[in-house]
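The next block holds one structure in the form of structure tokens; read it before the comments.
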Amino acid sequence: MNLILRELTAADERTFFDGFKEWAGEDPSWYTFSWKEGMSYGEMLEILRKEALGIELAPGRVPHTMLYGFLDGKIIGRVSVRHTLNDYLRKRGGHIGYAVAPKFRGKGYASEMVRQALEFCKSLGLKSIMITCSDTNVPSWKIIERFGGKLEDRILDDEENELMRRYWIGEIPSR
Ligand SMILES: CC(C)(COP(=O)(O)OP(=O)(O)OC[C@H]1O[C@@H](n2cnc3c(N)ncnc32)[C@H](O)[C@@H]1OP(=O)(O)O)[C@@H](O)C(=O)NCCC(=O)NCCS
């Protein structure tokens, strides 16, 4: 599969906004946390650069890298990689979160993005990678289990009133 997972560059502006159109009517955070209405592409790149380096992080945020999945000149999805965990991410979010645009689902693209994201996590020095997903999100936990995810537990996210699965790829750290 010719899918390349990488950070955005200045040359990707058109591709980024075209990819965003695939999320019309969906929660935009599945595509981007950083771009807001009225913001230029260059401003967003600067935010992403600082977030990856951990510069001027908003309260409660940890350093993270946003990686986009490019296939045949289109962005089909993204993976957010958190470099470290905080209390919130330990409950919901974990180290990596991923999404594929509705039109491109069911073709193995999320699995391939996660495979490449796990390599990226290794390059950050992460030994155990936490991934959380809703207990009812069958495609998501199939992906996690395919990569050897061990189920630590299921916990109730009170805010969303949703049962979440917490998985680890690698050893489950003692709490
Ligand atoms: C979850 C999501 C990323 C999966 O993307 P995808 O590209 O369709 O995933 P894949 O094609 O790699 O499929 C992954 C697995 O789920 C299975 N699957 C895909 N769609 C499915 C469905 N509707 N029902 C059951 N299983 C399904 C696939 O067969 C595959 O399993 P396999 O490895 O045993 O064959 C995508 O549905 C999505 O973006 N959802 C919204 C965001 C989200 O929930 N992200 C995860 C947060 S933890």
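No lab work stands behind these numbers, since they all come straight from the coordinates. Every value quoted in this text rests on a predicted model; they were computed, and no experiment measured them. Glycine also receives a Cβ, built like all others from the backbone with ideal geometry; neighbour counts cover every protein chain displayed.
Quick check on the stretch 118-128. Is at least one of its residues of a type in the set (S, T, N, Q), more than 6 Å from the ligand (Cβ to nearest atom), outside any helix (DSSP H, G or I) and out of contact with any helix residue (DSSP H, G or I) (no Cβ under 6 Å at 6 or more places or on another chain)? Yes, the stretch 118-128 has at least one match. LEU48 falls short on exactly one of the conditions (1) within 16 Å of the ligand (Cβ to nearest atom); (2) crowded, with 17+ Cβ neighbours inside 10 Å; (3) in contact (Cβ under 8 Å) with a residue 24 or more places away in the chain; (4) at negative phi, and that condition is (1). Among the residues of the stretch 1-23, the ones that are under 19 Å from TYR109 (Cβ atoms) and either part of a loop (DSSP other than H, G, I, E, B) or not small (Gly, Ala, Ser) (or both) come to 16 in all. Among the conditions (1) touching a Phe, Trp or Tyr at 6+ places or on another chain (Cβ under 8 Å); (2) free of Cβ contacts under 8 Å to residues at least 60 places away in the same chain, MET113 misses just one, which is (2). Can you run down the residue pairs with Cβ atoms below 6 Å, 6 or more apart or on separate chains, where the first is in the stretch 69-86 and in a strand (DSSP E or B) and the partner is more than 13 Å from the ligand (Cβ to nearest atom) and among the aliphatic types (A, V, I, L, M)? Final answer for the pair search is PHE70/ILE4; VAL79/LEU67; SER80/MET66; ARG82/VAL62.
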